[in-house]
Amino acid sequence: MKVALSHDYFVQYGGGEKVIEALHEIWPDSSIYTSIFDKSLTRFLTIRPANIKTNLISQLPFPEKLYKHYVPLYPVAFKTTNIGDVDILISSSTFAAKFINKKDAIHICYLHTAPRFLWGYETELAEPEVIKLDRLLRPVYKMVLPSIKTILRKMDYAAAQKVDFFLANSEEVKKRIEKHYRRDSFVIYPPVDIDRFAKVSSIKYQVSKKPGFFLVVSRLGGYKKVDIAVEAFNKLGLPLKVVGDGPQFAYLKKIANSNIELLGRKSDEEIVDLLLGSKALIFPTYEDFGIVPVEAMAAGKPVIAFRGGGALETIKEGVTGEFFDEQTPDAIIGVVKKFNPDKYNPEACRAQAKKFSKEEFKRKIKFFVEEVWQNRKTTS
C-alpha cells in the first residue's frame, strides 16, 4: 500500500503541522505535497525537507508572507499537482489540500475545519487590517472579496464531494462537515505529544518553585482573541506570559502593560518549561479542537478556557479547568479572580490528556486507513 500525504501549506508550526508529522511517522516513506514550505520551520518540524514537495504557489513572489492573498490560486495549484501512482492519499486540510488530484487513489481528508473565511467563521483572512499592505488592499478587498468568496465556496463544496472519506478532528468539525458539505465523517482527535511532558513533569513538580504566572500559547491572529486575555491581565495586574507569533504581535506588545511578557515563538522544550512553571493556561479562542489545552493538562496544569468549540470536548469543568462564557476581558477577569490553582489535581489533568495522545491518534488512523484499503482490495 503506497501512501501520499497532502497539506495546505507550511508557513507556521501548529496543530495542523503536528497532524502531518504524526501521519508521516506512520508512513515515513510518503511524500508530502503542499503549496509553500517556509524553510525556517525546519527547526521545529521532524519531517525531512526532502519529503516535502511544493507546487506553483511557492514560485510566486514572497509566498511565505503573501500566502493568504494567493488563496484563489490554490485550487488550480493542487489540481495540477502530480502525486504519481499511489493507493491512498491523505490530505491534512482546511481548504487547499483537498483539491489535490487524487487520480485513482482513495482520498481520505483529515479536516481541521471547513474553511473559516468561506463559511462564516472568524479568521485572519477576513481581517485585511492586520496586513501591512492594508492601505493599498483594503479597497480591493471590499470590492472583490464577496464575489471571490461565492466562487470559492462553490469550488470548495465541489472538491468536498470528490473526497472518498472525511475524518474530523472533533465533534464540532463533524457538525460543520455535515452542515456545509452534506457529508458524514468519523471523529479522530488530533495527536498531542503528551510523552514529552511525562518525562519531566514528575521531577519538575517536586523541585519547581510555586507557579507565579498565567500563560497563553497561541498563534497571534485576530480570531484567536489573545487581545482579550492581554486586556484582562492589564486590569488584573497579574503576571501573564504570551507565547506565539502572528499578525497581532506588534499590536499586543504595544498595548500590554509591564506585567505581561510577549515571548514570541518558542520551541517545544521551552513551552514545556513554561507550562510547568505556570499557574494555568488561558485559552480564549473558539477553536475547532485546540491542542494547547490538552498539552497544558499533560503538564498537570488546569485550563481557563472560553466555553465553546473543541475545549468542551477536552476540558472537564471543575476537574481540569474552568470556563468563561463570553469572549470579553471582564469574563476572563471574573474567572481568574475566583481561580485557585491548588484545587486541581495534576494527576487528574494528566489522565484527561492521555485520551488525546499521539499514539492513540496513530493507532486509530492507521486502523481506519488499513480497513479502507482492505475493503477496496476485496471489492476490486
(request) Calculate what fraction, in whole %, of the accessible area of the chain sits on carbon and sulfur atoms when a 1.4 Å probe is rolled over the protein chains. (result) 53
(request) State to the nearest 20 debye the size of the charge dipole of the chain about its Cα centre, where the only charges are +1 on K and R beta carbons and -1 on D and E beta carbons. (result) 340
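Under a Cβ-Cβ cut-off of 9 Å, what is the net charge of the residues other than ALA160 that fall near it, where Lys and Arg count +1 and Asp and Glu count -1?
Details: positive: LYS98, LYS162, ARG182, ARG183; negative: ASP156.
It works out to a net charge of +3.
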(message) If I model region 278-379 as equal point scatterers sitting on the Cα atoms and use the Debye formula, what is log10 I(q)/I(0) at q = 0.09, 0.11, 0.23 Å⁻¹?
(response) -0.29, -0.40, -1.14
(request) Quote the convex hull volume per residue of the chain, based on C-alpha atoms, as a whole number of Å³. (result) 136
(message) In whole Hz and in residue order, list the ³J(HN,Hα) couplings for region 176-189 that follow from phi through the Karplus curve 6.51 cos²θ - 1.76 cosθ + 1.60, θ = phi - 60°; x for Gly and Pro.
(response) 5, 4, 5, 5, 8, 10, 6, 10, 8, 7, 10, 8, 10, 5
(message) Residue by residue through region 54-60, what is 3J(HN,Hα) from phi via Karplus (6.51 cos²θ - 1.76 cosθ + 1.60, θ = phi - 60°)? Round to whole Hz and write x for glycine and proline.
(response) 9, 10, 5, 4, 5, 8, 7
(request) Would you be so kind as to identify which of ILE228, HIS112, MET155 lies farthest towards the positive end of the dipole of the chain, taking Lys and Arg as +1 and Asp and Glu as -1 on Cβ and the Cα centre as origin? (result) MET155
(message) Please give me the summed charge of the neighbours of TYR189: other residues whose Cβ is under 9 Å from its Cβ, Lys and Arg +1, Asp and Glu -1.
(response) 0
(message) Need one number: nm distance between label points at VAL187 and GLN59, each 7 Å from Cα along Cα→Cβ, rounded to one decimal.
(response) 4.3
(message) Probe of 1.4 angstrom, ligands and nucleic acids ignored: what's the accessible area per residue over the chain, in square angstrom?
(response) 46
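What's the local net charge at GLU359, with K and R +1, D and E -1, over the other residues with C-beta under 11 Å away?
Details: positive: LYS354, LYS358, LYS362, ARG363, LYS364, LYS366; negative: GLU25, ASP193, ASP195, GLU360.
For residues surrounding GLU359, the net value is +2.
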(request) Take the alpha carbon atoms of region 91-122, find their center, do the same for region 19-89, and report the distance between the two centers in whole angstrom. (result) 13
(message) Given the whole protein assembly as supplied and a 1.4 Å probe, what does the accessible area of MET143 come to in Å², nearest 10?
(response) 140
(request) Take the alpha-carbon centre of region 308-329, take the same for region 264-279, and report the distance between them in whole Å. (result) 21
(request) Report, by chain and number, residues whose modeled amide H sits under 5 Å from the one on LYS241, excluding near sequence neighbours (fewer than 5 apart, same chain). (result) PHE214, LEU215, VAL216, GLU261
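Based on Cβ point charges of +1 for Lys and Arg and -1 for Asp and Glu, what charge dipole magnitude is obtained for region 216-321 about its Cα centre, in debye rounded to the nearest 20?
Working: 13 positive and 13 negative charges, 74 e Å.
Result for region 216-321 is approximately 360 debye, rounded to the nearest 20.
Between their Cα atoms, which of LYS279/LYS354; LYS79/LYS364; LYS224/LYS301; LYS39/LYS253 are more than 23 Å away from each other? Could you put the intermediate results ahead of the total?
Details: LYS279/LYS354 20 Å; LYS79/LYS364 29 Å; LYS224/LYS301 21 Å; LYS39/LYS253 26 Å.
Long pairs (Cα-Cα over 23 Å): LYS79/LYS364; LYS39/LYS253.
Expressed in nm², what is the orientationally averaged projection area of the convex hull enclosing the Cα positions of region 210-348? Numbers along the way, then the final one.
Numbers: hull surface 29.1 nm².
Computed as one quarter of the Cα hull surface, the answer is 7.3 nm².
If N is the number of residues in region 70-126, what value comes out of its Cα radius of gyration divided by 2.2 N^0.38 Å? It would help to have the intermediate numbers written out before the result.
Working: Rg = 12.5 Å, N = 57, 2.2 N^0.38 = 10.2 Å.
Against the empirical 2.2 N^0.38 Å value, I get 1.23 for region 70-126.
The values are calculated or read from the model by the stated rules, or taken from the named source; none is laboratory data. Owing to the predicted nature of the structure, the values given are computational and were not obtained by experimental measurement. Positions of Cβ are backbone-derived with ideal geometry, glycine not excepted, and every protein chain shown enters the neighbour counts. These accessible areas exclude ligands, DNA and RNA; they are computed on the full protein's heavy atoms, side chains included. Shrake-Rupley method; radii C 1.70, N 1.55, O 1.52, S 1.80 Å.
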